[in-house]
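**Q** Here it is: the structure, laid out below.
The values are calculated or read from the model by the stated rules, or taken from the named source; none is laboratory data. What you see is a predicted model, and the numbers here were worked out from it, not measured in a lab. Note: ideal-geometry Cβ built from the backbone for every residue, glycine included; neighbour counts use all protein chains shown.
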């Protein structure tokens, strides 16, 4: 079978140098595994980190990709709930399932947790014609959700759902700030917050603001402007007059990190929450602690989520209440260009997908 493989790292992000379409052995299912033909796979920032070999030196040779959707072609003898022909998507959080965190429903806190397609291998990820996963790491796709939509959602929908529902515990009527609303996680964050009856302010670059509003954002602000936070503050004052609540943000949804961190803190109400799942602009953020202790701010870290949370998100996709924003679809042969587009972010809105030839 064909797969996108790299056998060396590229610290300078020269994807054309390392990404090659190669023949690799087709997997056979172990007793508890499911094998499926990949109909679509989605890109994530962890793919770029893997290719750089930082911060984790991933196994080489490497097949990247943590998001995949496809049709089951084989199952192991001990597989109970998945059968040949089922339409499935990956749940990329691979945990031990027996430690105290896992048995407490917190598999995302498992000390042995690995991310499929990022830390796994060699040669085990989504960018292949056929792949395999344990039964516990696949879920069935609702009939009215396409393979492309499912692949675009499997990691980012899970991440966004866990951030807002699992960690921040959003409630109807709250004012939610979605940073980077044009990204995969941001586009789902907007829709989840609206599903929960919140007022949503999204930030993005200027060319993406109307698209954020089409996804459901009530307001959209260009976060590349120096005084973007002042514009958000004025919006919260407008909201406070309409709703009779104090101005400010109840929940800030962050994955941007360093460049916008402190300004987010200034916007939070007393007792409000900032939940973070990443730091695409850098992790060495300066924090004015007065915004933490004086206002009783909750700072929450978040990564991945549970299989049950992913199923909840897919349920709402099946109901048509959440949709995947897909930026573009590329062939395996154009994988380098796809990753360059994700790196630069130029004109990018939603998820970038890869598809095997002929699918």
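**Q** Can you find a residue that is within 25 Å of residue 280 (Cβ to Cβ), part of a strand (DSSP E or B) and at pLDDT 95 or above anywhere in the range 73-84?
**A** The answer is no, given that none of the residues of the range 73-84 is within 25 Å of residue 280 (Cβ to Cβ), part of a strand (DSSP E or B) and at pLDDT 95 or above.
**Q** Would you check which residues across the range 321-331 are surrounded by fewer than 23 Cβ atoms within 10 Å (Cβ to Cβ) and either farther than 23 Å from residue 189 by Cβ or touching a helix residue (DSSP H, G or I) at 6+ places or on another chain (Cβ under 6 Å) (or both) and list them?
**A** 321, 326, 330, 331
**Q** Quick check: anything in the range 106-116 in a helix (DSSP H, G or I), touching a residue at least 12 places away in the same chain (Cβ under 8 Å) and under 20 Å from the mean Cα position of the chain (by Cα)?
**A** Taking every residue of the range 106-116 in turn, at least one turns out to be in a helix (DSSP H, G or I), touching a residue at least 12 places away in the same chain (Cβ under 8 Å) and under 20 Å from the mean Cα position of the chain (by Cα).
**Q** On to the next question. Test each condition in (1) crowded, with 22+ Cβ neighbours inside 10 Å; (2) in contact with a strand residue (DSSP E or B) (Cβ under 7 Å, 6 or more places away or on another chain) for residue 313 and report the one that comes out false.
**A** (2)
**Q** Moving on to the next point. Mind checking which residues of the range 88-105 are assigned to a loop (DSSP other than H, G, I, E, B), surrounded by fewer than 15 Cβ atoms within 10 Å (Cβ to Cβ) and without any contact (Cβ under 8 Å) to a residue 24 or more places away in the chain?
**A** 96, 98, 104
**Q** Suppose we filter the range 26-55 for residues that are surrounded by fewer than 14 Cβ atoms within 10 Å (Cβ to Cβ) and touching a residue at least 40 places away in the same chain (Cβ under 8 Å); how many remain?
**A** Final tally of qualifying residues: 3.
**Q** Shifting gears a bit: Among the residues of the range 33-47, write down those that are part of a helix (DSSP H, G or I) and at pLDDT 95 or above.
**A** The one that is part of a helix (DSSP H, G or I) and at pLDDT 95 or above: 47.
**Q** Here's something else I'd like to know. Looking at the range 12-32 only, could you name the residues that are part of a strand (DSSP E or B) and closer than 15 Å to residue 342 by Cβ?
**A** none
**Q** Taking the range 257-276 as the region of interest, how many residues are surrounded by 22 or more Cβ atoms within 10 Å (Cβ to Cβ) and under 19 Å from the mean Cα position of the chain (by Cα)?
**A** Looking only at that region, the number is 3.
**Q** If you check 180, 189, 197, which single one turns out to be under 13 Å from the mean Cα position of the chain (by Cα), assigned by TED's automatic domain parsing to the domain that holds residue 259 and not in a helix (DSSP H, G or I)?
**A** Checking each option against the conditions leaves just 180.
Conditions (1) under 26 Å from residue 109 (Cβ atoms); (2) touching a helix residue (DSSP H, G or I) at 6+ places or on another chain (Cβ under 9 Å), marked per residue:
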position: 270; (1), (2): no, no
position: 283; (1), (2): yes, yes
position: 304; (1), (2): yes, yes
position: 313; (1), (2): yes, yes
position: 316; (1), (2): yes, yes
position: 319; (1), (2): no, no
position: 342; (1), (2): no, yes
position: 345; (1), (2): no, no
position: 352; (1), (2): no, yes
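**Q** Sticking with this one: Under the condition of being touching a helix residue (DSSP H, G or I) at 6+ places or on another chain (Cβ under 9 Å) and at positive phi, which residue from the range 165-191 is surrounded by the most Cβ atoms within 10 Å (Cβ to Cβ)?
**A** So, considering only residues that are touching a helix residue (DSSP H, G or I) at 6+ places or on another chain (Cβ under 9 Å) and at positive phi, the one surrounded by the most Cβ atoms within 10 Å (Cβ to Cβ) is 180.
**Q** Something else: I'm told residue 157 meets every condition in (1) surrounded by 24 or more Cβ atoms within 10 Å (Cβ to Cβ); (2) touching a strand residue (DSSP E or B) at 6+ places or on another chain (Cβ under 8 Å) except one. Can you identify the failing condition by its number?
**A** (2)
**Q** Anything in the range 322-339 that is under 18 Å from the mean Cα position of the chain (by Cα) and either over 23 Å from residue 19 (Cα atoms) or part of a helix (DSSP H, G or I) (or both)? List them, or say none.
**A** Of everything in the range 322-339, those that are under 18 Å from the mean Cα position of the chain (by Cα) and either over 23 Å from residue 19 (Cα atoms) or part of a helix (DSSP H, G or I) (or both) turn out to be 322, 323, 324, 325, 338, 339.
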